[in-house]
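Inspection log for the structure reproduced underneath, given as structure tokens.
Just so it is clear, none of the values below were taken in a lab; they were calculated from the coordinates. Every value quoted in this text rests on a predicted model; they were computed, and no experiment measured them. For neighbour counting, all protein chains shown are included, and Cβ atoms are generated from backbone atoms with ideal geometry for every residue, glycine included.
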Amino acid sequence: MASFRGLSVNQANDLRAKIADVGGRYRVIKNRLAKRAAAGTPAEGISAVFSGPCAIATHADDPVSLAKTLADFAKANPQVELLAGLVDAKDNLDAQGVKRLSTMPGLPVLRAQLLALLQ
């Protein structure tokens, strides 16, 4: 989840393109509908951040690459604010948790490290 207040259209399109490059999706959401959809699910824990202009970035396989992309874009564009995250439909993260997730090695690197350890 991210707040995109203050982004120009070109910057928002650039963010969408960067997220698409890593295999993710970026969508602006309606807060009222998002709160209703989150009710009774693991996402209910982060529904408190559904206020103001919000967007959801998703990735089916690799949340680390998505977090890295968002954190890098937020560093270059301070008007983007990381709000919260949900990993594997069970782990709720605050903004600092998303930033910590972005510092972890990606899934391919972890696989390579595991393979090297097994050899």
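Summary of computed values
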{"quantity": "Gyration tensor (alpha-carbon) shape descriptor, the chain, a/c threshold 1.5", "calculated": "oblate"}
{"quantity": "Set of lysines near Lys75 by C-alpha distance (under 25 Å), chain-local residues within fewer than 8 positions excluded", "calculated": "Lys18, Lys99"}
{"quantity": "Neighbourhood net charge (14 Å Cβ-Cβ; Lys/Arg +1, Asp/Glu -1) for Val87", "calculated": "-1"}
{"quantity": "In segment 20-119, the trypsin sites (Lys or Arg not before Pro) that fall in loop regions by DSSP, at most 10 other Cβ within 10 Å", "calculated": "Lys90"}
{"quantity": "Net dipole in debye of the chain [+1 Lys, Arg Cβ; -1 Asp, Glu Cβ; about Cα centre; nearest 20]", "calculated": "340 debye"}
{"quantity": "Candidate aspartates and glutamates for bridging to Lys90, where Cα separation is under 18 Å - those fewer than 8 sequence places away on the same chain excluded", "calculated": "Glu44, Asp61, Asp62"}
{"quantity": "Two-site label geometry, Asp94 and Lys75: point separation in nm, points 7 Å out along Cα→Cβ", "calculated": "2.3 nm"}
{"quantity": "Most fluctuating residue given options Val22, Val64, Val98, as computed from a GNM of the chain linking Cα atoms under 10 Å", "calculated": "Val22"}
{"quantity": "Euclidean distance of C-alpha centroids, segment 1-69 and segment 86-119, integer Å", "calculated": "19 Å"}
{"quantity": "Extension gain, Arg27 back to Asn10 (0.36 nm per residue minus Cα-Cα distance, nm)", "calculated": "4.6 nm"}
